[in-house]
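One structure is given here, and the rest of the page talks about it.
The values are calculated or read from the model by the stated rules, or taken from the named source; none is laboratory data. Keep in mind it's a predicted model, so treat the numbers as computed, not measured. Cβ coordinates were reconstructed from backbone atoms using ideal geometry, including for glycine residues, and neighbour counts include every protein chain displayed. Keep in mind that these areas ignore ligands, DNA and RNA; they rest on the heavy atoms of the full protein, side chains included. Shrake-Rupley method; radii C 1.70, N 1.55, O 1.52, S 1.80 Å.
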Amino acid sequence: MNEDDLYRTSSQYRYWSFTPEALASLRANTNSAASARVKAAIKRDGSKATGQSNGNGATNGAPHGEANGHDSSVDVECLTVEEEAKFVRYYCTVCLQLSDSFDFPIPIHVKATAVQYIKRFYLTNSPMTYHPKQIIPSALFLATKTENYYIALTKFARGIKKTSEADILAPEFIITQALRFTFDVRHPHRALKGVIMELGALSNGTAALLPQHPKTSAQLKAEMAQLPRDGNDQGIPERVSDRINRAYELAKGVLGSAAILTDAYFLYTPSQICFAALYMADAALTLFYLSTKFPDAVLTPPPWESGAGFKFVETPAVLSKLLRVLEEVAGLLAGEDRTGREAKEELRRIDKKLYQCRNPEKMDLVGLNRAVKRDGAVEGEVSESAAKRRKVEREKERKEGEDLFGGDLKKDGES
Amino acid sequence: MSRVAQRGGASSANRAGDGEDICPVCKTSRYLNPNMRFLVNPECYHKMCESCVDRIFSHGPAQCPVAGCRRTLRKNKFRKQTFEDIQVEREVDIRRRVADVFNRREEDFDTLLDYNNYLNDVEDLTFNLIYKIDLEESEKKLESYRLDNEQSISQNKALASQESQSAEMRKMMEQEQAKLRREAARREEEQLRREREEGRQEVINKLAAGDGDASKIARESHSIVLKKSSARRAALERQQQLTNESNGATKTNFSIKGLKQKVEPEPEKPYDPFGGLSDARDSYVLQDDYDVDWLRSFKQDPRHNVGGYDFKEFYDRALCDAFSGLGVFIEDEMAGKELSSIAPGSVTAAAQAVTEGNTNEAKIIAEDVF
């Protein structure tokens, strides 16, 4: 079982890896199903509200002001797939900001897991059904638990404004259900540390090479010192150790933001993402490192002869394919845009639109959660039949308890 | 079993003392003739002493002298009794006679069932013969079968005798070879001893002659001895191979015809608790230590230096992470997968519920906790 087979056993590979087409169609399915449900729910809500002369508290001020008319509810304009994607993406950044806003630090792998939970959640759920604002704190709290970074709930809830402990716990089960109870997220962060460790060993000339590698570590050290600095990598420092540190910091930055905000986790493996980030930071260094892992590959021209055009001439099929994938990932990560003024305008528009098309039945998650736990009862008032049933049950239990503890015996003793 | 037989013999000897050892025909006892031997004839199984047999049957067939028995006996059929119980003696004789005629083998039959049926029939016949049920008819059956199948009977007989012969031959060959091996080993030992002796003598001679360095001479002689021993080992191996080959050749000569080829069971492999899983890594070689800036502070942290915490675990995990999935191309590998198998049930079920209208509210609840 080699490393690739190990990855194939992970739930991330089995359930959460998609081709781009599959990902798109999955999102389209989710969107159409959610819009249908939202329309049905609003219609139901509207008819209920008109029937009870507008006094229903369950809708909690639901946006059915215009929808109150009997047939207008069908005209609800739902979010498109693109709008949903933008919206969720924005709230992923909000999640990162939120995790930085606590007075205790949250490590990067917890943040990244939380963001992945949100992304996975919105693969099969729509923001129209569950608003990201409700999901984010819960996802982050769940991530602290699954990543073994314990924070007490009270402490956690104190750190978020206008959020109670119940608000955090309420959506927890629907999130785990949407995650298909697979909590394991494989990240590229530790992978990057591993690569940097080996690069450090290579630069010291103390690296343990693969047994089939033709060169000695001393040779590789010499080659490494003469790696070219081409293209846009002008700021690459002279010393190899500084160069590695610089690449590490840059790649770490990419992995901490762009990698977790894009769909990279769904489309590629963490190892590929890690190498792509490193490739963006220092292409020559990455190619050199990969060449030590594929002994058949030949790097040419020898790096110390010409400054530019540092490429593989002779590549095994796997390596050439890998390089293509790395370019793809690098493109994806680099194309990740920062939220500018225009994007903000767009988000405001989507938010307004969402206000009109939210599913009124799924707004009060806390109430719904309580209702589920209490067998469908509303706070304060217990339905008559349920109360009766409970009373009968309690009575029965009491009787059985008496029987068990020897009511009969006592009677026998008396008689 | 044997003890019971002994006790039976002892008791009978006690009972009669002379009763058993008295010839029923001439009433001579062992006391008078210590060399007395009793014989029986498979015709009637009446016991009599050797001298009686000589006396009565030397001139040709005669009637059994035992009162009431009118069978005509011949001298050449008399033989020594094998079993103490005369009934057993008789049964064994009958069985031998039947087995001589009915000597079909299992290979002659198409199925095991046929063979078993045949054995059953034979046993029925034998039983009839032993207990004298329809004796005439059974005898006739036996005779007619013998006449009908004379050829196959003789063939099978020849086969059986060949088998027993070849087995004997093989045994003999094995013994012969064991003897040869022992002899060779002895010779070998002798030679080795002699050579060593010679070498020592030579060294002493050289040292006595006084030319050259003493330690050098000793080393040289040592290397010579070593060379000789290694050469001898090679020769021995060659010889072993030769004998193995010849063994194989003899085996093919003595192949037994008609026997089913037995398949050797595979030797049991050593138990592998991981069922073939290995933790060997293809893309990196783990070092004992990595010198990286951000690791130094951890290495000095006493919390990481106590027992139970191993930096190698982290190194291994980090490097494994770095390469696990590097060769996994999701676009290729997931292309064949159907979307429905990827998508969780809630989406499709929910969509279905919506299209079917509000009546299916329960279904939605089943899929969705709220």
Selection from region A:161-215 of residues polar (S, T, N, Q) and more than 15 Å from residue B:284 (Cα to Cα) yields A:163, A:164, A:176, A:177, A:182, A:203, A:204
Over region A:140-158, the set of residues buried (at least 17 other Cβ atoms within 10 Å of the Cβ) and either within 15 Å of residue A:366 (Cβ to Cβ) or in contact with a Leu (Cβ under 9 Å, 6 or more places away or on another chain) (or both) is A:140, A:141, A:142, A:156, A:157
Picked from region B:304-330 (must be within 23 Å of residue A:199 (Cα to Cα) and more than 7 Å from chain A (Cβ to nearest Cβ)), the residue surrounded by the most Cβ atoms within 10 Å (Cβ to Cβ) is B:314
Restrict the check to region B:132-139 and report whether at least one residue is modelled with pLDDT of 85 or more, more than 25 Å from residue B:88 (Cβ to Cβ) and loosely packed, with under 12 Cβ neighbours inside 10 Å. no
Cβ pairs under 8 Å, 6+ apart or interchain, first in region A:360-388 and facing chain B (nearest Cβ under 10 Å) and under 15 Å from residue A:170 (Cα atoms), second modelled with pLDDT of 80 or more and open to solvent by 80 Å² or more (accessible area, probe 1.4 Å), ordered by first then second residue, are A:369/A:173
Scanning region A:16-30 for residues that are more than 7 Å from chain B (Cβ to nearest Cβ) and under 15 Å from residue A:178 (Cα atoms) gives A:16, A:27
Scanning region B:82-114 for residues that are farther than 19 Å from residue B:138 by Cα, in contact with a helix residue (DSSP H, G or I) (Cβ under 6 Å, 6 or more places away or on another chain) and either touching a residue at least 24 places away in the same chain (Cβ under 8 Å) or open to solvent by less than 40 Å² (accessible area, probe 1.4 Å) (or both) gives none
Going through (1) more than 9 Å from every other protein chain (Cβ to nearest Cβ); (2) within 32 Å of the chain's Cα centre (by Cα); (3) in a loop (DSSP other than H, G, I, E, B) one by one, residue A:180 fails only at (1)
All-but-one check, residue B:120 against (1) part of a helix (DSSP H, G or I); (2) surrounded by 13 or more Cβ atoms within 10 Å (Cβ to Cβ), failing number (2)
With the condition kept exactly as written, say whether any residue in region A:215-228 is among the β-branched types (Val, Ile, Thr) and surrounded by fewer than 17 Cβ atoms within 10 Å (Cβ to Cβ). yes
Does at least one position in region A:201-221 carry a residue that is in contact (Cβ under 8 Å) with a residue 60 or more places away in the chain and within 35 Å of the chain's Cα centre (by Cα)?
yes
Restricted to region B:48-98 and to residues being under 37 Å from the mean Cα position of the chain (by Cα) and in a loop (DSSP other than H, G, I, E, B), the residue nearest to residue B:28 (Cα to Cα) is B:81
Within region A:192-231, the residues that are assigned to a loop (DSSP other than H, G, I, E, B) and within 7 Å of chain B (Cβ to nearest Cβ) are A:208, A:209, A:210
Within region A:86-141, residues being under 23 Å from residue A:41 (Cβ atoms) and either without any contact (Cβ under 8 Å) to a residue 12 or more places away in the chain or assigned by TED's automatic domain parsing to the domain that holds residue A:263 (or both) number 0
